[in-house]
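Engineer: I'd like to ask some things about the structure below.
The values are calculated or read from the model by the stated rules, or taken from the named source; none is laboratory data. Worth saying up front: this structure is predicted, and the values here are computed from it rather than measured. Neighbour counts run over all protein chains shown; Cβ positions are idealised from the backbone, glycine included. We work out accessible area using only protein heavy atoms, side chains counted, and drop any ligands, DNA or RNA first. Shrake-Rupley method; radii C 1.70, N 1.55, O 1.52, S 1.80 Å.
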Amino acid sequence: DLDANERLHPAKVTDNARVILALTSIGKDVTNVGGHNLLKGLDNMAYVQTQGINGPIWALIALDSHDYPTSGDVTREKLVQAILDAQLPGGGWALAGTAADPDLTAMALTALAPYYDESDTVRKAVDDALALLSAMQGSDGGFGTSSEACAQVIVALTALGIDPMTDGRFIKNGLTALDALASFYVDGGGFRHTASGELDAMATEQGYYALAAYYRFVNGQTSLYDMSD
């Protein structure tokens, strides 16, 4: 249920963002969902930042999915700046602490991708993060122990126009993030979260949309979250 401010959750702006992305992907009007305007739920910077850096990242991705207008005190510039301000000295991002998280670093890159050519500050932030992710990549082509990290890196690289199958920065021991993702595949369909785990819903969702991101990249289509087409 939406509250008076058109928010699906009192603290998580990502609920509005993900529904905006889902409805946009099927061509629905996000400003009139049973009489509700889901964009209005993204109109307050304090609220957008309530759940940490996840908020600005996904609010920006949602707004840019179909060039939606900003409202209230939220602007694209402020969202980009909030993401830049949260970057760790080593070039990555984390929900908490000082150790960069590959998943969140990749999500930040996905959000910043449309702004790469617009400012030297964004370009340096992205380049630093790419260097860090390259260093974090293991000899199996993966990023840590989860399939989701591989998936998010694939989405981020394709959003930036980088081919994860051919870019030397992201090939280790002859293996890529796509090879690593494939290692989590479950016979019959779906993905595991960890190598020894069972079929996992979130891992499956992210695994398949990472493959969709790469498929779109190879075929010259807009990136995964660019729904202008």
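Engineer: In the structure displayed, which of Lys12/Lys78; Lys78/Lys124; Lys40/Lys124 lie more than 21 Å apart, Cα to Cα?
Structural biologist: With Cα atoms farther than 21 Å apart: Lys40/Lys124.
Engineer: On a 0 to 90° scale, report how tilted helix 54-64 is relative to the longest principal axis of the chain, with both axes built from alpha carbons and the result rounded to the nearest 10.
Structural biologist: Helix 54-64 sits roughly 80 degrees off the main axis of the chain.
Engineer: Additional query: Treating only the Cβ of Lys, Arg, Asp and Glu as charged (+1, +1, -1, -1), what charge dipole size does segment 137-191 show about its Cα centre? Round to the nearest 20 debye.
Structural biologist: About 140 debye.
Engineer: For Lys172, which sequence-distant residues (separation of 5 or more, or a different chain) have an amide H within less than 5 Å of its own amide H, given hydrogens modelled in the peptide plane?
Structural biologist: The list, which skips near neighbours in sequence, is Gly141.
Engineer: Follow-up question, since we're still on this one. With a 1.4 Å probe and every protein chain left in place, work out the accessible area per residue of segment 5-149 in Å², rounded to a whole number. Kindly include the intermediate steps, with their values, before the conclusion.
Structural biologist: On the way: 6250 Å² over 145 residues.
In whole numbers, segment 5-149 has 43 Å² accessible per residue.
Engineer: Next question. Once you've got the GNM for the chain with C-alpha springs shorter than 10 Å, pick whichever of Thr24, Thr166, Thr75 has the biggest mean-square fluctuation.
Structural biologist: Of the options given, Thr166 has the highest mean-square fluctuation.
Engineer: Given H placed 1.01 Å from N in the peptide plane, which residues other than close sequence neighbours of Gly144 have an amide H under 5 Å from its amide H?
Structural biologist: Answer set, sorted by chain and number: Gly138.
Engineer: Could you give the dipole magnitude of segment 94-219 about its Cα centre, charging the beta-carbon of Lys and Arg +1 and that of Asp and Glu -1, in debye to the nearest 20?
Structural biologist: Charge dipole of segment 94-219: 140 debye, to the nearest 20.
Engineer: With charges set only on the Cβ (+1 for Lys and Arg, -1 for Asp and Glu), what does the dipole of the chain come to about its Cα centre, in debye to the nearest 20?
Structural biologist: About 100 debye.
Engineer: Let me ask something else. Pull up all non-local amide H partners of Phe191: gap of 5 or more, or a different chain, and H-to-H distance under 5 Å with H placed in the peptide plane.
Structural biologist: Val186, Asp200, Thr204
Engineer: I've got another one for you. Considering the dipole of segment 1-119 built from charges on the beta carbon (Lys and Arg +1, Asp and Glu -1) around the Cα centre, which of Leu2, Ala94, Leu39 is farthest to its positive end?
Structural biologist: Leu2
Engineer: Compute the long axis of helix 201-218 from its Cα atoms, compare it with the longest principal axis of the Cα atoms of the chain, and write down the angle in degrees, 0 to 90, nearest 10.
Structural biologist: Helix 201-218 and the main axis of the chain meet at about 80 degrees.
Engineer: Per residue of segment 186-193, in order, report the coupling 6.51 cos²θ - 1.76 cosθ + 1.60 (Karplus, θ = phi - 60°) as ³J(HN,Hα) in whole Hz, putting x for Gly and Pro.
Structural biologist: 9, 3, x, x, x, 9, 8, 7
Engineer: Another one. What angle do you read, to the nearest 10 degrees and between 0 and 90, between the alpha-carbon axis of helix 120-136 and the longest principal axis of the chain?
Structural biologist: For 120-136 against the chain, the angle is about 40 degrees.
Engineer: Same structure, new question: Using Cα pairs under 8 angstrom and six or more residues apart, how large is the relative contact order of segment 75-181, in percent?
Structural biologist: About 25 percent, as a whole number.
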